[in-house]
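Undergrad: Pasting a structure here, questions to come.
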Amino acid sequence: MQIISVNDYDELSKKAYDSFVKTMNSLENPVFGLSTGSTPKGLYELLVQDYIQKNQTFHHIQTFNLDEYVGLAKEHEGSYYYYMYERFFKPLELTEEQTNVPNGLAKDFTGECEKYEQKIQNAGGIDLQFLGIGVNGHIGFNEPGTPFASRTHVVELTESTMEVNSRFFETKTEMPNKAITMGIESIMDSKEIILLVNGEHKAEALKQTVEGKVDEKFPASVLQNHPNVTIIADQPALSKLN
Ligand code: PGA
């Protein structure tokens, strides 16, 4: 694991942006794995700025998001599709064919999960996967105890995740209790992974990721087994590392 230490969130976003652009410009058809939440917002803003200023073109990329809530339509403001559409797909004028988010309203979830895996394979696999981390060590929505051998699947969210993520919903009762997520093995198949971590509230999780035992009880610890992982973290997030 390579660790890049940055001073603050702006610097973290800029480093993530540099890596995105490098991969985008070095491959003919780059495939990106994308995450949602608070952490990657700065990265998406920088990419959109670039597009508006005509510094970059994005017509050759393909994207796969990690996860989506079960039961929310694309138009729901709390859905991850909505998050991605407003911040990334729409401003970059990406086509439907270029972008992929698991369908939270699928009639047949087993079929939807298989189809998602197949699509990633058909695209040639993910070249660069961006990840955030939950305070409980989840990556995507793979909660503690998820088998390392998991592929895309439906999960029950833990109380702690529902508590943390309910901030994105008007009322706590609106917060879904299930999600569809790429599995740990699906994530580990990515050729390169960048984990973005900022803030003191993530310091313990980052310590366990880097220095803890590789254990299904702490999903992000699996990243120790990947040959090409870079962690970009700010000082508060790094504060508990030895
Ligand atoms: P966050 O979410 O970026 O909003 O902290 C990360 C996660 O829960 O995976």
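The values are calculated or read from the model by the stated rules, or taken from the named source; none is laboratory data. Quick caveat: nothing in here was measured; it's all calculated off a predicted structure. Counting neighbours? That spans all protein chains shown, and the Cβs are built from the backbone with ideal geometry, glycine included. In case anyone asks, the SASA skips ligands and DNA or RNA and just uses the protein heavy atoms, side chains included. Shrake-Rupley method; radii C 1.70, N 1.55, O 1.52, S 1.80 Å.
Undergrad: Taking Gly42, is it modelled with pLDDT of 95 or more and in contact with a strand residue (DSSP E or B) (Cβ under 8 Å, 6 or more places away or on another chain)?
TA: Values: modelled with pLDDT of 95 or more: yes; in contact with a strand residue (DSSP E or B) (Cβ under 8 Å, 6 or more places away or on another chain): no.
Considered against the rule, which asks whether it is modelled with pLDDT of 95 or more and in contact with a strand residue (DSSP E or B) (Cβ under 8 Å, 6 or more places away or on another chain), Gly42 comes out as no.
Undergrad: I want to confirm something. Restricting to segment 134-154 and keeping residues that are among the aliphatic types (A, V, I, L, M) and within 13 Å of the ligand (Cβ to nearest atom), which single residue is nearest to Val222 (Cα to Cα)? Don't jump to the end; show me each part of the working.
TA: Taking segment 134-154 first, the residues among the aliphatic types (A, V, I, L, M) are 135, 139, 149, 154.
Next, from what is left, pick out any that are within 13 Å of the ligand (Cβ to nearest atom): 135, 139.
On the way: Val135: 15, Ile139: 10 Å.
Step by step, filter segment 134-154, then rank; the result is Ile139.
Undergrad: Mind listing whichever residues of segment 155-169 are farther than 23 Å from Glu216 by Cβ and crowded, with 21+ Cβ neighbours inside 10 Å?
TA: Matches in segment 155-169: none.
Undergrad: Within segment 170-202, track down each residue that is open to solvent by less than 10 Å² (accessible area, probe 1.4 Å), assigned to a strand (DSSP E or B) and more than 20 Å from Phe20 (Cβ to Cβ).
TA: Correct list: Ala179, Ile180, Thr181.
Undergrad: Sticking with this structure for a sec: Out of the strands (runs of 3 or more DSSP E) lying entirely within segment 17-127, which hold 3 or more residues that are within 16 Å of the ligand (Cβ to nearest atom), surrounded by fewer than 19 Cβ atoms within 10 Å (Cβ to Cβ) and touching a residue at least 24 places away in the same chain (Cβ under 8 Å)?
TA: Numbers: elements: 31-34, 62-65, 67-69.
Because the criterion is at least 3 residues that are within 16 Å of the ligand (Cβ to nearest atom), surrounded by fewer than 19 Cβ atoms within 10 Å (Cβ to Cβ) and touching a residue at least 24 places away in the same chain (Cβ under 8 Å), no strands (runs of 3 or more DSSP E) in segment 17-127 meet it.
Undergrad: Being away from the ligand (no atom under 14 Å from the Cβ), more than 30 Å from Asn103 (Cα to Cα) and of a type in the set (A, V, I, L, M) is the filter here; which residues of segment 182-216 pass it?
TA: Listed by number, the residues that qualify are Val210, Val214.
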